[in-house]
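Input: a single structure, listed below in structure tokens.
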Amino acid sequence: MFFRVGLYIRRKFRQIRWRRRGVTVWGDGTNITVGTDVHFGGEVAIFGTDAVEIGDHTIIALRVIIHTSTHDKYKFPYSAIRIDKPVKIGKNVWIGTGAIILPGVTIGDNAIVGAGALVTKDVPCNSMAVGVPAVLKRI
């Protein structure tokens, strides 16, 4: 019983720590890795049911959503099966206001994600993704 209470307190402490940085985390937060000198703009939501890795010197603007879970589109009801996929954000990445990063996406180093972009596919290093759904532009 003591172990469960201690685990609950540790999870709550992690959630409070994240909220101080302007980030709301769904899940216990143990599978989220954040590099050095990472800046959050506030009201950032991370649905961390799988691994989330954020590289050094990254800027994540206001109201960005990073999601790691989805559902199987071939199984009814949709809520029957949850599929978790990791999200990796490289070093020196800039994610604009209101962007949404979907499960399984990797954003390469030195990339830019435009404001309001819906990122459904990987973004290579040194490139820019803009629009809904996000399309690649050259920097």
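The values are calculated or read from the model by the stated rules, or taken from the named source; none is laboratory data. Model, not experiment: these values are computed from the prediction. We place every Cβ from the backbone using ideal geometry, glycine too, and count neighbours over all the protein chains shown. We work out accessible area using only protein heavy atoms, side chains counted, and drop any ligands, DNA or RNA first. Shrake-Rupley method; radii C 1.70, N 1.55, O 1.52, S 1.80 Å.
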ask   = Applying the selection to the range 64-110, what residues are in contact (Cβ under 8 Å) with a residue 12 or more places away in the chain, farther than 23 Å from E43 by Cα and not in a loop (DSSP other than H, G, I, E, B)?
value = H71, R82, I83
remark   = In the range 111-135, anything touching a residue at least 12 places away in the same chain (Cβ under 8 Å) and open to solvent by 60 Å² or more (accessible area, probe 1.4 Å) is listed as A115, T120, K121, D122, P124, C125, N126, V132, P133
request  = Quickly run through the range 20-73 and pick out the residues that are in contact with a Gly (Cβ under 6 Å, 6 or more places away or on another chain) and acidic (D, E).
outcome  = D56
The lone exception for I112 - which of (1) under 13 Å from the mean Cα position of the chain (by Cα); (2) at pLDDT 90 or above it fails = (1)
message = Could you go through the range 36-57 and let me know if any residue there is over 9 Å from the mean Cα position of the chain (by Cα), among the β-branched types (V, I, T) and surrounded by fewer than 16 Cβ atoms within 10 Å (Cβ to Cβ).
response = yes
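Can you say whether T106 is surrounded by fewer than 20 Cβ atoms within 10 Å (Cβ to Cβ) and either modelled with pLDDT under 95 or on the phi < 0 side of the Ramachandran plot (or both), as far as the supplied structure shows?
Taking the combined requirement at face value, the residue satisfies it.
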task = Looking at (1) among the aliphatic types (A, V, I, L, M); (2) closer than 17 Å to N31 by Cβ; (3) within 10 Å of the chain's Cα centre (by Cα), find the lone condition where I83 falls short.
result = (3)
